[in-house]
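Worksheet: the structure to be examined is printed underneath.
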Amino acid sequence: MKILLTFLLGAACAPVHARTPAVNLMPDGSRDMYIGIGFVSAPAYDGARRPRRMAVPVLQGEWSNGVFVSGMNAGIHLSDQPSLEFGPLLAVQARRSESGNGAALGGASLNSMIVNTSSLTPEDGAPPNQPGVNARSAGPNRLSGMDVIDTRLQLGGFVNVYLSPDVRLTNNILAGAGKGSDGVIWNLGIQRVMVQSSPHHRVALAAGVSVVNRSYNSSFFGVTQGESLRSGNRAYAPGAGLNGASAGVRWHWSLTPSWLLINNVQATRVLGDARKSPLVERPTGFLVSSALAYRF
């Protein structure tokens with residue numbers, strides 16, 4: 001069973017890795033479609049302490065001409081070699097407001113979210129506010145007073161290589177994120193694709209890192225002087241470099257030939273200059289999701 005689930009939270013954990021389904025080997029004129037509903041719990045934004053929980057739609061489609069849609073990602077498989085995947089890639093960066101990352105999947109915007117606001121005290125040792133700035137202390141919501149980052153369309157491409165039938169190196173780059181639409185993120189990963197533990201159960205493992213340019217880090221982890229005055233966070237200007245890492249496991253349970261239950265657990269870590277941002281309350285986060293999908 002192909003990977004089909006993308007719970008897109010913009011930058012809900014480490015920067016989201018755009019996902020591409022496996023190389024297209026479908027008969028001419030055919031398609032493979034999934035729709036469903038899922039539930040996800042993840043940090044409200046990269047480095048947030050408080051979780052955000054919401055129901056989201058699930059969507060994936062693949063066509064024999066190589067076109068695919070997977071959540072908020074879309075692209076085209078141009079390779080005809082089973083061991084190599086490449087092609088153009090589009091992805092949508094979700095909006096980030098003072099309440100955290102928005103979520104949109106398949107064009108459906110989800111603005112009604114359940115937020116747990118307990119235990120929001122910053123970690124011990126969190127960077128103090130900038131001396132000399134007459135601003136209120138950073139409160140339990142460190143995005144309060146920060147500029148909104150609007151939804152952006154990211155353009156790029158992917159190149160994936162199979163080291164063996166079960167092990168895939170993933171590589172994609174996307175440009176267009178952030179406040180000025182000039183943020184660039186490069187995602188590198190390795191996947192141990194579906195290991196079948198029984199006729200109806202399969203497990204996949206994945207790990208990856210992300211590298212970003214200065215504009216990307218400045219948008220999501222920087223604090224301008226104006227934002228510092230409004231939010232109480234100290235001013236901060238991060239540079240480019242390693243931004244985050246993630247590792248996770250996904251379990252697919254085929255309930256029937258048409259119905260599939262997908263469960264996902266992922267650990268993430270904010271790294272580099274992003275880790276030093278006053279917006280980061282807890283550098284390590286966890287994403288847990290479960291979804292029921294119908295194949296047709």
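The values are calculated or read from the model by the stated rules, or taken from the named source; none is laboratory data. Remember, predicted model here, so these are calculated numbers, not experimental data. Every residue, glycine as well, gets a Cβ built from its backbone with ideal geometry; the counts of neighbours run over all protein chains shown.
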Name the residues in the range 61-98 that are part of a loop (DSSP other than H, G, I, E, B) and of a type outside the set (S, T, N, Q), would you?
66, 71, 72, 77, 78, 80, 82, 94, 95, 98
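Let's see how each residue does on (1) in contact with a helix residue (DSSP H, G or I) (Cβ under 9 Å, 6 or more places away or on another chain); (2) closer than 30 Å to residue 164 by Cα; (3) of a type in the set (Ser, Thr, Tyr); (4) at pLDDT 95 or above:
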{"position": "55", "(1), (2), (3), (4)": "no, no, no, no"}
{"position": "70", "(1), (2), (3), (4)": "no, yes, yes, no"}
{"position": "76", "(1), (2), (3), (4)": "no, yes, no, yes"}
{"position": "80", "(1), (2), (3), (4)": "no, yes, no, no"}
{"position": "94", "(1), (2), (3), (4)": "no, no, no, no"}
{"position": "127", "(1), (2), (3), (4)": "no, no, no, no"}
Wholly within the range 157-258, which strands (runs of 3 or more DSSP E) include no fewer than the required count, namely at least 3 residues that are polar (S, T, N, Q) and at pLDDT below 95?
183-198
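One line per residue, one yes/no per condition, for (1) among the polar types (S, T, N, Q); (2) closer than 22 Å to residue 59 by Cα:
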residue	(1), (2)
234	no, no
246	yes, no
250	no, yes
276	no, no
286	no, no
Let me confirm something: among 212, 265, which residue is at negative phi, in contact with a strand residue (DSSP E or B) (Cβ under 8 Å, 6 or more places away or on another chain) and surrounded by fewer than 16 Cβ atoms within 10 Å (Cβ to Cβ)?
265
Give me the pairs, please: first residue somewhere in the range 219-234 and at positive phi, second residue anywhere and among the basic types (Lys, Arg), beta-carbon distance under 7 Å, and either six or more positions apart or on two chains.
232/136
Which one is surrounded by the fewest Cβ atoms within 10 Å (Cβ to Cβ) among residues in the range 278-296 that are under 19 Å from the mean Cα position of the chain (by Cα) and assigned to a loop (DSSP other than H, G, I, E, B)?
282
When the range 77-99 is examined, which residues are found to be over 18 Å from the mean Cα position of the chain (by Cα) and surrounded by 18 or more Cβ atoms within 10 Å (Cβ to Cβ)?
77, 85, 86, 87
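Mind telling me which of the residues 36, 47 ends up being part of a strand (DSSP E or B) and either crowded, with 20+ Cβ neighbours inside 10 Å or at pLDDT 90 or above (or both)?
Selected residue: 36, the only one of 36, 47 that is part of a strand (DSSP E or B) and either crowded, with 20+ Cβ neighbours inside 10 Å or at pLDDT 90 or above (or both).
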Which one is surrounded by the fewest Cβ atoms within 10 Å (Cβ to Cβ) among residues in the range 157-186 that are farther than 25 Å from residue 223 by Cβ and of a type in the set (S, T, N, Q)?
164
